[in-house]
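Colleague: Below is the structure I would like to discuss, written out as structure tokens.
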Amino acid sequence: MLYRHALVGIIILCIAGCSTETLQPIHEYQSLPIRTNASRNISTIESSILSSGTRAGWVMETRKPGHIVGKLNKDSQQAEVDIFFTEKTFSVLYRDSINLQKEERMVSSEYNRWTDQLVTVIKQGLQ
């Protein structure tokens, strides 16, 4: 009987530990510098961000000059970001998510991994 209770306790701890291990603080990227040798205008930067995000599998939509919304759908999960940019900087901020365990300022590690990859491809596209 004691063995059975101990086993149930261990299983509960494992399940609880596994579910909380995947939550992380939301990665937000504020005012990242756009490093380029050439002079770029806002529409060239927008075009680079749109094509970089699309190549990475995101659906990109311009909302207004200097603001793009990116969405990534994977199975039943969705990550959504706001991308704000000027001629000198860009930011990638949490907008919304579906089935990614958002709790206050915490989110599934999958969301962070996907947005980290998006930021990397945007940086590469802007160079």
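The values are calculated or read from the model by the stated rules, or taken from the named source; none is laboratory data. Being a predicted model, the structure only gives us computed values, none of them experimental. Every residue, glycine among them, receives a Cβ derived from its backbone with ideal geometry; neighbour counts consider all protein chains shown.
Colleague: Just name the residue that is farthest from Leu32 (Cα to Cα) out of those in region 56-112 that are touching a residue at least 60 places away in the same chain (Cβ under 8 Å) and exposed (fewer than 13 other Cβ atoms within 10 Å of the Cβ).
Modeller: Glu103
Colleague: OK, next. Among the residues of region 57-85, which ones are over 22 Å from Glu110 (Cβ atoms) and either among the small types (Gly, Ala, Ser) or out of contact with any Ser or Thr (no Cβ under 9 Å at 6 or more places or on another chain) (or both)? Reasoning before the result, please.
Modeller: As a first pass, look at region 57-85 and keep what is over 22 Å from Glu110 (Cβ atoms): 62-67, 84-85.
Correct list: Thr62, Arg63, Lys64, Gly66, His67.
Colleague: Of all residues in region 78-106 being of a type in the set (Lys, Arg) and in a loop (DSSP other than H, G, I, E, B), which is nearest to Ile45 (Cα to Cα)? Step through it out loud before you land on a result.
Modeller: Our first condition is that a residue be of a type in the set (Lys, Arg); within region 78-106, this holds for 88, 95, 102, 105.
Among the residues that remain, those that are also in a loop (DSSP other than H, G, I, E, B) are: 88, 102, 105.
Numbers: Lys88: 9, Lys102: 31, Arg105: 29 Å.
Here the residue is Lys88.
Colleague: Take region 27-55 and flag every residue that is crowded, with 17+ Cβ neighbours inside 10 Å and in contact with a helix residue (DSSP H, G or I) (Cβ under 8 Å, 6 or more places away or on another chain). Outline the logic, then answer.
Modeller: So in region 27-55, the residues crowded, with 17+ Cβ neighbours inside 10 Å come out as 27, 29, 34, 45-46, 48-50, 52-53.
Result: His27, Tyr29, Ile34, Ile45, Ser48, Ile49, Ser52, Gly53.
Colleague: A further question on this structure: Could you tell me whether any residue of region 38-57 is in a strand (DSSP E or B), within 19 Å of Thr115 (Cα to Cα) and at pLDDT 90 or above? It would help to see each step written out before you state the result.
Modeller: Of region 38-57, the ones in a strand (DSSP E or B) are none.
No.
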